[in-house]
Amino acid sequence: MLVVVIVIAGVAALVWQKGVGQARPVASRTIEVTVLVSNLRPPSVDAMRTGQVVYDAKGVEVLGTIVGKTVQPTPQQVPLPDGRLIVAPSPLYSDVTLVLRGPGTVSPQRILLAGQEVRIGSSLSMETREWATTGYVTAVRVVR
């Protein structure tokens, strides 16, 4: 009986030391997030520059640095005299795609950037000293 208790205690000690059953650790990584911001006027488009540090909506946590920016006219519906609608580029509004690169955490269940979960289709509120906006995540990539 004593031998059985000692064997069980030894196995329990090994399991406790190895951490069997524990969740996989969260790893710090560099995350690259592509965000689409729609219907912006020219002053907002011009204020967004590559190299700017972008913060979360509260201005506390760093989301990352803008490493890429593309601008396209926002598509809009234009009525024709015969009643049909066509899609044409807006002369006033633009869609901006920003690529942010910053520190984040990766676990098997989620990717966090500045404490915010980022997934394709989720909204991301961001700001700098000059501008603030909300966009939609279109791509997420773990760089390293």
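Readers should treat all values here as calculations from the given coordinates under stated rules, not as data from a laboratory. All values derive from a computational prediction rather than experimental measurement. Here Cβ is always computed from backbone atoms with ideal geometry, including for glycine, and neighbour counts include all displayed protein chains.
Descriptive notes on the structure:
- On the beta carbon distance between R84 and N39, with R0 = 22 Å, the FRET formula returns roughly 0.40.
- Counting neighbouring Cβ atoms within 10 Å and putting the fewest first, the residues E32, E130 line up as E130, E32.
- A simple spin-label model places pseudo-atoms 7 Å from Cα toward Cβ; at T128 and T65 they are separated by 1.3 nm.
- Of L85, L98, the sequence from fewest to most neighbouring Cβ atoms within 10 angstrom is L85, L98.
- In terms of surrounding Cβ atoms within a 10 Å radius of their Cβ, V54, V45 rank from fewest to most as V45, V54.
- Against the rule of thumb 2.2 N^0.38 Å, how large the Cα Rg of the stretch 25-142 comes out: 1.22
- The label-point distance for R141 and R29, in a model that sets each label 7 Å from Cα toward Cβ, rounds to 1.3 nm.
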